[in-house]
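The values are calculated or read from the model by the stated rules, or taken from the named source; none is laboratory data. In this text, all values refer to a predicted model and were calculated from it rather than measured experimentally. Heads up, the Cβs are rebuilt from the backbone with ideal geometry, glycines too, and the neighbour counts pull from every protein chain shown.
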Amino acid sequence: MSESYNRGLIEDFGRWREFAPGMWAWILHKFTGWILIGYLFTHIAVLSNALGAAGNEAKIAAGEDIYTTTLQGLEGLFLIRVLEVGLLAVAVFHILNGVRLLMIDLGIGLEAQDKSFYISLVVTAAITVASVPTFMTGVGA
Amino acid sequence: MSTQQEQPTDADDAGTGQADDAADAGPSPQDRRMDKKADRRIERERAAGATDADAETVHLKVFRYDPEVEGKQEPRFDDFHVPFEKGMTVLDALIYARDEFDPSLTFRHSCRQAVCGSDAFFVNGRQRLGCQTQISDLDGPVRVEPLPHQDVVKDLVVDMEHFYEQMHAVEPYFQEEDLPDGDLEEQYQTRENREKVKMSTRCIWCGACMSSCNIAAGDNEYLGPAAINKAYRFAMDDREGEELKEHRLRIMEQEHGVWRCQTQFSCTEVCPKDIPLTEHIQELKREAVKKNLKFW
Ligand code: HEM
Ligand code: SF4
Ligand code: FES
């Protein structure tokens, strides 16, 4: 066999020009899955570090313990509220597309895999938009 | 400029002789010839521009690379402007470019009717059979590259050896030993069973699916969609007994078998024979699980 040439960038970018729905779904699923993992650990870190007042009944009753102040502080931030909406979007898409993938694993509706992906997107968008009023109440923007 | 060199130039050259018949005073015959030539060039360029717009010529951008010729070792794209004809396929255009413009342009082809599987290329960002792809269905310029994720031997020719190895790894042949007694007795398959394996039998070993799969790109040992589909074709064939089916499933459930598939559907998307590859892979996954599940 004659020596052959590694096409380098031509190979890598050439491959990524025409994305089909199934590929988008796959990429978004990876992406959202890892965001959720990232959130999970951040969540655990924030909460476990905010438990300092455990046992101090007086402070807790007065609402001055670290836990309460930390969370109230965070929830008072506009950025945090926006991130929460984003987290919901990510979680909803991951769940819906996850159900789609489970259906695919069971061999149900494989010929409609592109449609079910689009439906996941639309439903995610709808739920996200509908959640905005709830997430954004009482935050001084 | 390359446009002009590559256009067939017969009509223009034939006219050149008439320019120098009357040699009277004034500008020399040569000057007049040059003037006329310039006029014609402008004319021609205008015509070329117009026909491009009318899609009368096809603008091909073809990947070129030849490790054996110095100066061609650096990959590049060559432009060809091929006269369009109704019904022209990408393969037709490549053949024209090779026959009329550059005989060194190298690509595989044989049947020209989507049965031999030798001309899978990466056309406008997607794996397609050259002979099955109408130019009129594509946006210009038509960009033709060798299949991604396979080594390029020369121009559009890729090394298929690895693909064939994966195909052979699944033992793509009928191996039932329990044959009917009579010498001339046929081995029947029910209509339903034939229907079940019908699509999977259509594979032409073109390698488009393997090239489109980015799992296969990352894991060289992954059997790939075509090989798994081959295994499906035999595992689902009732004429092979249970034992053989188990044997085939054991090959499928290896580390680099069906479980590598992440249902991206790229292979199903590009298969020129419309084989539902993902569906077949998923079915083999379920068969493999069922074989291993024991409720006792
Ligand atoms: C009802 C909720 C959920 C469903 C239905 C679901 C479903 C799935 C499915 C089916 C897969 C496999 C994808 C594949 O076959 O390629 C997957 C992957 C994954 N999920 Fe979820 N999931 C859910 C919740 C979560 C949560 C809460 C997290 C994070 C804390 C998460 C993180 C991930 C990660 C990291 C992956 C792997 C992505 C990769 O392949 O790299 N999922 N999920
Ligand atoms: S399964 Fe389809 S794409 Fe893959 S080699 Fe066979 S014919 Fe080509
Ligand atoms: S030339 Fe045979 S498949 Fe295209």
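Laid out as a table, the results:
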{"quantity": "Residues of region B:91-130 that turn out to be within 14 Å of chain A (Cβ to nearest Cβ) and either near ligand 3 (Cβ under 6 Å from one of its atoms) or hydrophobic (A, V, I, L, M, F, W, C) (or both), as a count", "calculated": "3"}
{"quantity": "Unmet criterion (only one of (1) exposed (fewer than 14 other Cβ atoms within 10 Å of the Cβ); (2) within 26 Å of A:Ile127 (Cα to Cα)) for A:Thr32", "calculated": "(1)"}
{"quantity": "Matching entry among B:Arg250, B:Arg239 (being away from ligand 2 (no atom under 16 Å from the Cβ), away from chain A (no Cβ under 14 Å) and either over 20 Å from B:Met199 (Cβ atoms) or outside any loop (DSSP other than H, G, I, E, B) (or both))", "calculated": "B:Arg250"}
{"quantity": "Considering residues of region B:195-212 that are in contact with a strand residue (DSSP E or B) (Cβ under 8 Å, 6 or more places away or on another chain), modelled with pLDDT of 95 or more and part of a helix (DSSP H, G or I) only, the residue nearest to ligand 3 (Cβ to nearest atom)", "calculated": "B:Ala208"}
{"quantity": "Matching residues, region B:174-213, being within 14 Å of another protein chain (Cβ to nearest Cβ) and either of a type in the set (Phe, Trp, Tyr) or within 16 Å of ligand 1 (Cβ to nearest atom) (or both)", "calculated": "B:Cys213"}
{"quantity": "Matching entry among A:Leu79, A:Leu110, A:Leu106, A:Leu47 (being loosely packed, with under 12 Cβ neighbours inside 10 Å, within 16 Å of ligand 1 (Cβ to nearest atom) and not polar (S, T, N, Q))", "calculated": "A:Leu106"}
{"quantity": "Tally, over region B:92-133, of residues that are within 16 Å of ligand 2 (Cβ to nearest atom), within 13 Å of B:Pro146 (Cα to Cα) and of a type in the set (A, V, I, L, M)", "calculated": "3"}
{"quantity": "Set B:Tyr232, B:Tyr222: member being buried (at least 19 other Cβ atoms within 10 Å of the Cβ), within 16 Å of ligand 2 (Cβ to nearest atom) and not in a loop (DSSP other than H, G, I, E, B)", "calculated": "B:Tyr232"}
{"quantity": "Region B:147-169 residues that are more than 8 Å from chain A (Cβ to nearest Cβ), paired with ones that are surrounded by fewer than 19 Cβ atoms within 10 Å (Cβ to Cβ) and hydroxyl-bearing (Ser, Thr, Tyr) (beta carbon under 6 Å, 6 or more apart)", "calculated": "B:Asp155/B:Thr106; B:Val157/B:Thr106"}
{"quantity": "Single condition B:Gln73 does not satisfy, out of (1) away from every other protein chain (no Cβ under 14 Å); (2) without any contact (Cβ under 8 Å) to a residue 40 or more places away in the chain", "calculated": "(1)"}
{"quantity": "Cβ-Cβ under 7 Å pairs, at least 6 apart or on other chains, region B:21-43 side at pLDDT 70 or above, far side among the hydrophobic types (A, V, I, L, M, F, W, C)", "calculated": "B:Pro29/B:Ala23; B:Arg32/B:Ala19; B:Arg33/B:Ala19; B:Lys36/B:Ala19"}
{"quantity": "Unique residue being aliphatic (A, V, I, L, M) and either more than 14 Å from chain B (Cβ to nearest Cβ) or in contact with a strand residue (DSSP E or B) (Cβ under 9 Å, 6 or more places away or on another chain) (or both) when the list is A:Ile104, A:Ile95, A:Ile108", "calculated": "A:Ile95"}
{"quantity": "Selection status of B:Val62, closer than 19 Å to B:Ser136 by Cα, within 43 Å of the chain's Cα centre (by Cα) and at pLDDT 75 or above", "calculated": "yes"}
{"quantity": "For B:Phe295: the one exception among (1) assigned by TED's automatic domain parsing to the domain that holds B:His168; (2) out of contact with any helix residue (DSSP H, G or I) (no Cβ under 7 Å at 6 or more places or on another chain); (3) outside any helix (DSSP H, G or I)", "calculated": "(1)"}
{"quantity": "Members of region A:67-76 that are surrounded by fewer than 16 Cβ atoms within 10 Å (Cβ to Cβ) and of a type outside the set (Asp, Glu)", "calculated": "A:Thr68, A:Thr69, A:Leu71, A:Gln72, A:Gly73, A:Leu74, A:Gly76"}
{"quantity": "Members of region B:268-291 found to be away from ligand 3 (no atom under 16 Å from the Cβ), crowded, with 16+ Cβ neighbours inside 10 Å and over 17 Å from B:Pro172 (Cβ atoms), listed by number", "calculated": "B:Thr268, B:Glu269, B:Pro276, B:Thr278, B:Glu279, B:Gln282, B:Glu283, B:Lys285, B:Glu287, B:Ala288"}
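One line per residue, one yes/no per condition, for (1) away from ligand 3 (no atom under 16 Å from the Cβ); (2) in a loop (DSSP other than H, G, I, E, B); (3) aliphatic (A, V, I, L, M):
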site	(1), (2), (3)
A:Leu47	yes, no, yes
A:Glu64	yes, yes, no
A:Leu74	yes, no, yes
A:Leu79	yes, no, yes
A:Leu96	yes, no, yes
A:Ser120	yes, no, no
